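The values are calculated or read from the model by the stated rules, or taken from the named source; none is laboratory data. From a predicted model like this one, the values you see are computed outputs, not experimental measurements. Cβ coordinates were reconstructed from backbone atoms using ideal geometry, including for glycine residues, and neighbour counts include every protein chain displayed.
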Amino acid sequence: MTRIIAGAARGLRLDVPSAGTRPTSDRVRESLFGSLESMDVIDGARVLDLYAGSGALGLEAWSRGAASVDLVEKSHSAAGIVRRNIATVAKALGARPTDARVHQNAVHGYLQHTAGPFDLVFTDPPYDLDDGSMTADLAALTPLLSPDAIVVIERAKRSSAPELDAAGLALVREKTYGDTRIWWAEPAPR
């Protein structure tokens, strides 16, 4: 079961695709969002959730005060589930569902044809995404970031670290939770 952990939609259950996604555990999301709240980057943020799956990361940010959320998911069935989850969370928040939008598209293609700036970005790609594709996605993302943006990258612990320098990002911190490793990054000084 995946649920919203905190904020105005706290406790709300989210639908999860039956296959092809790997939802971030409640324990990892709780720790991650505690860190993000201590950095004061959620309230009023324009959020981008790449490889959205169920949309749990982006919708958690929306529940905690993000101004808007764009969720990118290539799978038709998963994008449909994200749309249902948006409607459910919007009702709980008393918000307009248009403040959270699903983009059924491949991540790299979306990044090449969208406008920023984004303040908070979650990228939780399939664990089998190769390092070159990950770096290309991050490099396409960097010009879309606000100057104080935070990018959260989630990968398997066994995966190599993302090539942040090659993408124009700088490491803020990293942490391992069981089989999951998370990196927080920001735009590198120019």
Filter the range 36-56 for residues that are modelled with pLDDT of 95 or more and crowded, with 24+ Cβ neighbours inside 10 Å and give the result.
A45, V47, L48, D49, L50
Might you check whether a residue that is over 18 Å from L32 (Cβ atoms), basic (K, R) and at pLDDT below 90 occurs anywhere in the range 152-169?
yes
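Report whether or not Y127 is surrounded by 13 or more Cβ atoms within 10 Å (Cβ to Cβ), touching a strand residue (DSSP E or B) at 6+ places or on another chain (Cβ under 8 Å), aromatic (F, W, Y) and under 21 Å from H76 (Cβ atoms). Please lay out each step first, then the result.
On the way: surrounded by 13 or more Cβ atoms within 10 Å (Cβ to Cβ): yes; touching a strand residue (DSSP E or B) at 6+ places or on another chain (Cβ under 8 Å): yes; aromatic (F, W, Y): yes; under 21 Å from H76 (Cβ atoms): no.
Answer is no for this residue.
Considering only residues that are modelled with pLDDT under 90 and more than 18 Å from G168 (Cα to Cα), look in the range 94-123 and name the one that is surrounded by the most Cβ atoms within 10 Å (Cβ to Cβ).
Just the residues of the range 94-123 that are modelled with pLDDT under 90, to begin with: 94-98, 116.
With the extra rule that they be more than 18 Å from G168 (Cα to Cα), the set shrinks to 94-98.
Values: G94: 7, A95: 18, R96: 9, P97: 14, T98: 9.
Here the residue is A95.
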Pair list, Cβ < 6 Å and 6+ apart or interchain, from the range 162-179 residues that are surrounded by 15 or more Cβ atoms within 10 Å (Cβ to Cβ) to residues that are part of a strand (DSSP E or B) and acidic (D, E)
V172/E186
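Taking G109 as the residue in question, decide whether it is touching a residue at least 24 places away in the same chain (Cβ under 8 Å) and either out of contact with any Pro (no Cβ under 6 Å at 6 or more places or on another chain) or within 27 Å of K157 (Cα to Cα) (or both).
Working: touching a residue at least 24 places away in the same chain (Cβ under 8 Å): no; either out of contact with any Pro (no Cβ under 6 Å at 6 or more places or on another chain) or within 27 Å of K157 (Cα to Cα) (or both): yes.
No: the conditions fail for G109.
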3 or more residues under 21 Å from A106 (Cβ atoms) and in contact with a strand residue (DSSP E or B) (Cβ under 7 Å, 6 or more places away or on another chain): qualifying strands (runs of 3 or more DSSP E) within the range 133-190:
145-156
